[in-house]
Amino acid sequence: MRVLLSGFLPLAASMLLLCGFCVGAGEDERPQSARSSSATATPPTETAGADDAQREILSGKVVLLVDALKSRGVKTYAEELKGQVVLVTSTKELVPIVPDWRGRALYQDERLRNRPVDLVVNRRPGIPWVQVLSIYTFDEHGKRQITDYWCDVCSIPMYEIKDCECCQGPTRLRFRPQELPQLKPAPEK
């Protein structure tokens, strides 16, 4: 018993010492005056423009930017615009899409392009790009359906083409009948 305790005590002391360092490691050693202004500050990337975003519903077709410009007679270097997508609205406005957590699906999945869509987006004044919040497509009978990716094993939605974050298994494109949220449609330009 004494042999067991003699090996255990130094280990226990080391663990306590290490835990004490871990607990204290997060403490801010700056003076209180220096801490108060920045302790509650959010990084600029999280707050920039957060208050001025307007949630809108935009309708049209998502196409490659190169194709949209070509159809309007605009000559470009296609390799410079490779993979960029835009929404072509019913008024023929080109609305670029941010390739973030939800918009990436429109960049990755050709099945979501060149077909009628309704996009719920965040739009900010002075910024032409929109951030997609949800994608609605239409079936062959014109019925609106919300569109995402689904893992049949874990029963969790995904928002871009990739393996399931939980089981690492495959996901599938999923369509479910659903009406649009009650938002004001984007003003016609």
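Name every residue in segment 32-52 that is within 30 Å of residue 183 (Cβ to Cβ), assigned to a loop (DSSP other than H, G, I, E, B) and either of a type in the set (A, V, I, L, M) or at pLDDT below 90 (or both), in order of residue number.
Within segment 32-52, the first condition is being within 30 Å of residue 183 (Cβ to Cβ), and the residues that meet it are 42-52.
With assigned to a loop (DSSP other than H, G, I, E, B) added as a condition, the list becomes 42-43, 48-52.
Scanning segment 32-52 gives 42, 43, 48, 49, 50, 51.
Condition test on residue 143, is it modelled with pLDDT under 95 and in contact with a strand residue (DSSP E or B) (Cβ under 8 Å, 6 or more places away or on another chain)? Outline the logic, then answer.
On the way: modelled with pLDDT under 95: no; in contact with a strand residue (DSSP E or B) (Cβ under 8 Å, 6 or more places away or on another chain): yes.
No; evaluated as a whole, the condition is false for this residue.
Here's a check for you: in segment 157-182, which residue that is in contact with a helix residue (DSSP H, G or I) (Cβ under 7 Å, 6 or more places away or on another chain) and either of a type in the set (Lys, Arg) or in a loop (DSSP other than H, G, I, E, B) (or both) is nearest to residue 136 (Cα to Cα)? Walk me through how you get there before you give the answer.
Step one: list which residues in segment 157-182 are in contact with a helix residue (DSSP H, G or I) (Cβ under 7 Å, 6 or more places away or on another chain), which gives 159-161, 173.
From what's left, either of a type in the set (Lys, Arg) or in a loop (DSSP other than H, G, I, E, B) (or both): 159-161.
Working: 159: 13, 160: 14, 161: 16 Å.
Across segment 157-182, the extreme among qualifying residues is 159.
Answer with yes or no whether residue 111 is within 17 Å of residue 160 (Cβ to Cβ), among the charged types (D, E, K, R), in contact (Cβ under 8 Å) with a residue 24 or more places away in the chain and part of a loop (DSSP other than H, G, I, E, B).
Numbers: within 17 Å of residue 160 (Cβ to Cβ): yes; among the charged types (D, E, K, R): yes; in contact (Cβ under 8 Å) with a residue 24 or more places away in the chain: yes; part of a loop (DSSP other than H, G, I, E, B): no.
When the stated conditions are applied, residue 111 does not pass them.
Select from segment 82-93 the residues that are buried (at least 16 other Cβ atoms within 10 Å of the Cβ) and either touching a helix residue (DSSP H, G or I) at 6+ places or on another chain (Cβ under 8 Å) or basic (Lys, Arg) (or both) and list them in ascending order. Can you show your working first?
Step one: list which residues in segment 82-93 are buried (at least 16 other Cβ atoms within 10 Å of the Cβ), which gives 85-89.
Of everything in segment 82-93, those that are buried (at least 16 other Cβ atoms within 10 Å of the Cβ) and either touching a helix residue (DSSP H, G or I) at 6+ places or on another chain (Cβ under 8 Å) or basic (Lys, Arg) (or both) turn out to be 85, 86, 88.
Just to be sure I understand, how many residues within segment 138-154 are surrounded by 14 or more Cβ atoms within 10 Å (Cβ to Cβ) and touching a residue at least 24 places away in the same chain (Cβ under 8 Å)?
7
For a quick check of your reading of the model, give me the residue pairs whose first member lies in segment 53-74 and is over 19 Å from residue 137 (Cβ atoms) and modelled with pLDDT of 95 or more, whose second is among the hydroxyl-bearing types (Ser, Thr, Tyr) and not in a helix (DSSP H, G or I), with beta-carbon atoms closer than 8 Å and at least 6 apart or on different chains.
The qualifying pairs are 66/76; 69/76; 70/76.
Quick one: which of 97, 135, 127 is surrounded by fewer than 16 Cβ atoms within 10 Å (Cβ to Cβ) and at pLDDT 95 or above?
Numbers: 97 fails: surrounded by fewer than 16 Cβ atoms within 10 Å (Cβ to Cβ); 135 fails: surrounded by fewer than 16 Cβ atoms within 10 Å (Cβ to Cβ).
After ruling out the rest, the residue left standing is 127.
Out of the residues in segment 100-111 that are closer than 17 Å to residue 66 by Cβ and under 16 Å from the mean Cα position of the chain (by Cα), state the one that is surrounded by the most Cβ atoms within 10 Å (Cβ to Cβ). Spell out how you get there, then give the answer.
Narrowing segment 100-111 to residues closer than 17 Å to residue 66 by Cβ: 106-108, 110.
Next, from what is left, pick out any that are under 16 Å from the mean Cα position of the chain (by Cα): 106-108.
Values: 106: 22, 107: 19, 108: 15.
For segment 100-111, the residue satisfying everything is 106.
Going by the conditions given, is residue 97 under 21 Å from the mean Cα position of the chain (by Cα) and within 21 Å of residue 66 (Cβ to Cβ)?
On the way: under 21 Å from the mean Cα position of the chain (by Cα): yes; within 21 Å of residue 66 (Cβ to Cβ): yes.
For residue 97, the condition - under 21 Å from the mean Cα position of the chain (by Cα) and within 21 Å of residue 66 (Cβ to Cβ) - is met.
If you go through segment 140-179 one residue at a time, how many are farther than 16 Å from residue 105 by Cβ and among the basic types (Lys, Arg)?
Going through segment 140-179 one residue at a time, the tally reaches 2.
The values are calculated or read from the model by the stated rules, or taken from the named source; none is laboratory data. All of these numbers come straight from a predicted model, not from anything done at the bench. All Cβ positions, even for glycine, are placed from backbone atoms using ideal geometry, and neighbour counts span all protein chains on display.
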